[in-house]
Amino acid sequence: MEKYLDIRKNVIISSPAGSGKTEKLARRYVSLLLSGSEIEKILAITFTEKAAAEMKERILKILEKENFDNFIKVREKMPLMRISTIHAFCLKILKRFSIELGLDPSLEVMDEFNASILWSESVYESLMDEKDSPDLFFDFIKNKGLKGWDSLSRILDELHSKRPYPDLILKNANPVVGEEEKEILELYSRCLNRYTNKKLERHLIDFADLEILTFEALIKNPEWQNILYSFDEHTDHILVDEFQDTSTLQWKIIDKLTEEWRSGIGSKRDAGKLPTIFLVGDEKQSIYLFRGANVSVFQKARDEFSEWFGKEYYFEEIRENYRSLPEIINFTNSIFTRLMPPSTHKHWCTRYTPFDATRSGDGHVELILIEDGENIKTRREREASSLSKRIQSLNNRYEIWDGGIKRRCTYGDIAILLRKRTHLCIFEDALRREGIPFIILKGIGFYDEPEVALLRELISFIINPADDYSLFCLLRSPVFGIDYRILHELICKDNIPLIDKMQKPKNKKVKGAFNIISGWVDKSKYTPLAMLLEDTLSETEGWRFYWEKQRHLNIKKFIGLIEQYESQGLSRLDIREKLIKTKLGEEAKANINTEGMNAVKIMTVHAAKGLQFPIVFLPSLDEDNTPRTSSIVIEEEEENISLAYEEDSTKRKKIGHFVKRKEKELEEEKRLFYVAVTRSRDFLCMLGVPKKETPHTGRLAYITDNLDYISHIKIINESDVNEIYSSFHLTPFTTCTSKRLLPEQKFIEPISYEPQFKWQDVTEDLDIRVKHGEDWVILGRVFHSLFEELAKGILSLDSLEKRGLILLKNATYTIKDMDRLIEIIRKVFKTLDISGYLKDIVLPQTNAYAELPFILQRGNTVFKGRIDRIVIKDNIASIYDYKTFPVREKELPDLVAKYRFQMDIYRHAAKLFLSLKTKSYLLFTHMPLLVEV
């Protein structure tokens, strides 16, 4: 047995890239299960929700293969598995003890965009409060001159981006040196208080609050002993993945939760139980300093474990690499031994330990040097051209290993990893010229995409038909394609709205557009905006202009956002204002399932962490990676958190706080390069432009400065690339020279695209409730929330009406007839109580589930959804789906037929993970009536 599987030991594993880190954590989890640990008493913390899902899948695969009996038992208890992110774990603690902590049980976590809007409002209002009695804000602005407000706003935003540390400085009253620092903290404190109050009014918190509130609950709250006791009662083991990305505060939370475990006393020890902590990570992959990750926490934990646990502690540093071929391993070892020397004494510096290749084969590492050009754009264009030609020379020629068998590579085996997105469009253009299909993964700029911009302008015009700019954008779009000169004549006519000028046009195209758009405006009076968008795209055949997969999914995502805004009860003016603000947001583009796509993948190095590819290209190695320090820096040293402020960049070079921060960021640049290099399995190609007569910069300098020590690298130039390219007699792909209404697509879908799986949501159609009016859309969501909270014991019947009122207010503050809606809720629950359905189905049961998520594969389709309620009695799992809209008896046969497929999927999903006989029912709550399906 591997030593790290000894469940009597507290373990830390340093597991470098490609060494099977996730597999080790999964096997430790399985060892705990096989030793008799209860599944609900094992807590595993991962870095992302995706990693949590993958962890569950890996655990089940190990059990299915090696211990089928336990696989069946664990599969039945899957909903009880406590595998989540640190933020999700903190949220559960806050909700579990919300009453004791003075929080609303229904609190929700804001996304970053809404949090930024609320923060901006708080800063502005804090300033406006002083307009009658100028104080600190105005003094600061006055001292900064004409750009005072911009400077102050930027400083406050910078400080806010460093949360939770500014909050901790304020809460702990850490001493601050310097009058300007004190002023800034005082200003920030005022804005933060207003921001906090705004969140409380809306029953919201942000991501930083999750950690701060949890830590305070464990340290300062009068109920801290009860919280720790409850955690101790329900948890025997903690496992933490990606430990190198842990922040100091996150480690303090784990430290406090396990305080009694390492004391050698407590109820567990008395009962003969030995609680354990298992940490796994790789210091060399700590690349989230900007999010608060502290690489020195890894070494600190090692030192503390040794002190706390003595002989009950085991540390292991893995040396094997199962991912890359020897050439890549040898290159990695030779360069990073120089970049990360073991002799360093600074705790934020990384020490490199070479690892061993376990795969056999050749592999390839090459560096393409591009001749220096006149300017950056020219250099990047030449680099992108060489990269594209190199890809073409490899495609369907270079042999890679796939499951122990050699085969020729395809475009889908290749990834381009960028440090920054600055010159992304140049690489896109070069790939298009060569006819290389590509997909940009985890890209930002969602609201800048033409299809999203078009829909945003459509919404803006529908809400305000006097908005000439939005109408102009619509008419010029591919949907209508009206010539600019025709529109210019219309605009210059009379001083009336553009839509009115279109009523009697000379041009047939304009007349046709007017008829269509006028119909949309009329239809919008009784149709939800989300449905209207889909209708307009169908009516104008707009989908044919946005056929590429990325654009298609972007449209779907935008319609989903509008549906979400409407379901929250936002007025149309509020929706319009929200869309205007989103223009400045960096929203991610819609996710694409790349499985089966024969396309080159482009992403940032950060986005590639945790992934691997047969062939990796790393361009722009010469980009300057010298950190640009901001005017504010926060440093943490042991228990002290300190702040420094300096606008003058020259002076910052002599201030200790700024110097140390720069050193940390330079060290992280090395780790980022390590992550990039270790994504490659078989072939690694790097590109850079060495400057003439000046020292090399960026990651290129890492290589050229250490060439005497680096082995296993082939260095070529542009001429070599062109020669290789020409030797295959490749004919460049030529593009059409005709004018385009749209920018070139960012994904050229290949003929060979064969998706292996189709994902489908199994959810109730919104139009069923919409046809009864917008009130029933809102009521449907409120009813489902009430049913869930009652079933989970979060809500009592005594608090039902009060909670219903809160949910209605949160869902929509535009509905005036609140009493009528509360009366509907009251009436529905009364009839459910009289019928017995409330007690038998909705209220808490000993063996039941509420809002249970599932994924079910049938053939090539993967269904996903949530089951409202499952109640298990006499070895039969009864599945209930709530239908909360008004129904007439004569409609029942059609509705039952409509939902039969949905309920069939629910039954199969439940049967799969419960291994029980199942029955399914529709509960029409408004009647009330229970119908078996």
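The values are calculated or read from the model by the stated rules, or taken from the named source; none is laboratory data. If you're wondering where the values come from, they're calculated on a predicted model, not measured in any experiment. Every residue, glycine as well, gets a Cβ built from its backbone with ideal geometry; the counts of neighbours run over all protein chains shown.
Can you report the number of residues in segment 685-730 which are part of a helix (DSSP H, G or I) and surrounded by 13 or more Cβ atoms within 10 Å (Cβ to Cβ)?
Step one: filter segment 685-730 for residues part of a helix (DSSP H, G or I), giving 698-704, 718-727.
Remaining after also requiring surrounded by 13 or more Cβ atoms within 10 Å (Cβ to Cβ): 698-704, 718, 720-722, 724-725.
Matching residues across segment 685-730 total 13.
Taking segment 99-116 as the search range and keeping residues that are assigned to a helix (DSSP H, G or I) and surrounded by 17 or more Cβ atoms within 10 Å (Cβ to Cβ), which one is farthest from the chain's Cα centre (by Cα)? It would help to see each step written out before you state the result.
Residues of segment 99-116 that are assigned to a helix (DSSP H, G or I), as a first pass: 99-101, 112-116.
Still in the list and also surrounded by 17 or more Cβ atoms within 10 Å (Cβ to Cβ): 101, 115-116.
Details: 101: 28, 115: 15, 116: 16 Å.
The extreme case among them is 101.
Just checking, how many residues over segment 389-419 are of a type outside the set (Phe, Trp, Tyr), over 29 Å from residue 556 (Cβ atoms) and not in a strand (DSSP E or B)? Full working, then the answer.
If we filter segment 389-419 for residues that are of a type outside the set (Phe, Trp, Tyr), which is where we start, we get 389-397, 399-400, 402-410, 412-419.
This time we only want the ones that are over 29 Å from residue 556 (Cβ atoms), so: 389-397, 399-400, 402-409, 419.
Applying the additional criterion that residues be not in a strand (DSSP E or B) yields 389-397, 403-404, 409, 419.
Selection size over segment 389-419: 13.
Any idea which residue in segment 467-490 is nearest to the chain's Cα centre (by Cα), counting only those that are exposed (fewer than 13 other Cβ atoms within 10 Å of the Cβ) and assigned to a helix (DSSP H, G or I)? If you could, list the steps in order and put the result at the bottom.
Filtering segment 467-490 for residues exposed (fewer than 13 other Cβ atoms within 10 Å of the Cβ) gives 469, 481, 484-485, 488.
Now drop any that are not assigned to a helix (DSSP H, G or I), which leaves 469, 484-485, 488.
Working: 469: 34, 484: 41, 485: 44, 488: 44 Å.
By that ranking, first place goes to 469.
Of these, 428, 457, which one is assigned to a helix (DSSP H, G or I), at negative phi, over 25 Å from the mean Cα position of the chain (by Cα) and modelled with pLDDT of 85 or more? Give the derivation first.
Values: 428 fails: over 25 Å from the mean Cα position of the chain (by Cα).
Only one candidate passes the filter, namely 457.
In segment 862-911, how many are touching a strand residue (DSSP E or B) at 6+ places or on another chain (Cβ under 7 Å), within 22 Å of residue 791 (Cβ to Cβ) and hydrophobic (A, V, I, L, M, F, W, C)?
Residues that pass the stated criteria total 11.
Looking only at segment 25-46, how many residues end up being within 16 Å of residue 92 (Cα to Cα) and buried (at least 18 other Cβ atoms within 10 Å of the Cβ)? Before you say what the answer is, go through the steps one by one.
If we filter segment 25-46 for residues that are within 16 Å of residue 92 (Cα to Cα), which is where we start, we get 40-46.
The next check asks that each one be buried (at least 18 other Cβ atoms within 10 Å of the Cβ); those that pass are 42-46.
Qualifying residue count, segment 25-46: 5.
List the residue pairs whose Cβ atoms are under 7 Å apart, where the first residue sits in segment 104-133 and is closer than 23 Å to residue 88 by Cα, the second is at pLDDT below 80 and in a loop (DSSP other than H, G, I, E, B), and the two are 6 or more positions apart or on different chains.
105/794; 113/585; 113/587
For segment 247-260, does any single residue satisfy the condition of being assigned by TED's automatic domain parsing to the domain that holds residue 299 and within 20 Å of residue 28 (Cα to Cα)?
Taking segment 247-260 first, the residues assigned by TED's automatic domain parsing to the domain that holds residue 299 are 247-260.
Pick out the ones that are also within 20 Å of residue 28 (Cα to Cα) and you get 254, 258.
Yes - at least one qualifying residue is present in segment 247-260.
Would you confirm whether any residue within segment 37-58 is among the charged types (D, E, K, R), assigned by TED's automatic domain parsing to the domain that holds residue 273 and closer than 20 Å to residue 283 by Cα?
Looking only at segment 37-58, we keep the residues that are among the charged types (D, E, K, R), and these are 38, 40-41, 49-50, 54, 56-58.
Filter once more, keeping what is assigned by TED's automatic domain parsing to the domain that holds residue 273: 38, 40-41, 49-50, 54, 56-58.
With closer than 20 Å to residue 283 by Cα added as a condition, the list becomes none.
Taking every residue of segment 37-58 in turn, none turns out to be among the charged types (D, E, K, R), assigned by TED's automatic domain parsing to the domain that holds residue 273 and closer than 20 Å to residue 283 by Cα.
Could you tell me how many of the residues in segment 19-40 are under 21 Å from residue 268 (Cβ atoms), in a helix (DSSP H, G or I) and out of contact with any helix residue (DSSP H, G or I) (no Cβ under 8 Å at 6 or more places or on another chain)? Full working, then the answer.
In the first step, residues of segment 19-40 are kept if they are under 21 Å from residue 268 (Cβ atoms); the result is 28-29, 31-40.
From the residues that got through so far, the ones that are in a helix (DSSP H, G or I) too are 28-29, 31-34, 39-40.
Among the residues that remain, those that are also out of contact with any helix residue (DSSP H, G or I) (no Cβ under 8 Å at 6 or more places or on another chain) are: 32.
Of the residues in that region, 1 qualify.
Restricting to segment 491-513, give me the number of residues that are within 20 Å of residue 538 (Cα to Cα) and crowded, with 19+ Cβ neighbours inside 10 Å. It would help to see each step written out before you state the result.
Step one: list which residues in segment 491-513 are within 20 Å of residue 538 (Cα to Cα), which gives 509-513.
Retained after the next criterion (residues that are crowded, with 19+ Cβ neighbours inside 10 Å): 510, 513.
Number of matching residues: 2.
Which one is farthest from residue 108 (Cα to Cα), of the residues in segment 790-819 that are charged (D, E, K, R) and at pLDDT 85 or above? Let's see the steps before the verdict.
Residues of segment 790-819 that are charged (D, E, K, R), as a first pass: 792, 798, 801-803, 809, 816-817, 819.
Among the residues that remain, those that are also at pLDDT 85 or above are: 798, 801.
Values: 798: 23, 801: 20 Å.
Selected residue: 798.
Can you pull out the residues in segment 10-24 that are charged (D, E, K, R) and buried (at least 21 other Cβ atoms within 10 Å of the Cβ)?
Start the filter on segment 10-24 by keeping residues that are charged (D, E, K, R), which leaves 21, 23-24.
Once the filter is applied, which keeps residues that are charged (D, E, K, R) and buried (at least 21 other Cβ atoms within 10 Å of the Cβ), segment 10-24 yields 21, 24.
Criterion first (modelled with pLDDT under 90 and more than 31 Å from the chain's Cα centre (by Cα)) does residue 406 satisfy it?
Working: modelled with pLDDT under 90: no; more than 31 Å from the chain's Cα centre (by Cα): yes.
The answer is no for residue 406.
What's the total number of residues in segment 79-102 that are among the aliphatic types (A, V, I, L, M) and free of Cβ contacts under 8 Å to residues at least 12 places away in the same chain? Let's see the steps before the verdict.
Taking segment 79-102 as the starting set, the residues that turn out to be among the aliphatic types (A, V, I, L, M) are 80-81, 83, 86, 88, 91, 93-94, 99, 101.
If we keep only those that are free of Cβ contacts under 8 Å to residues at least 12 places away in the same chain too, we end up with 99.
Of the residues in that region, 1 qualify.
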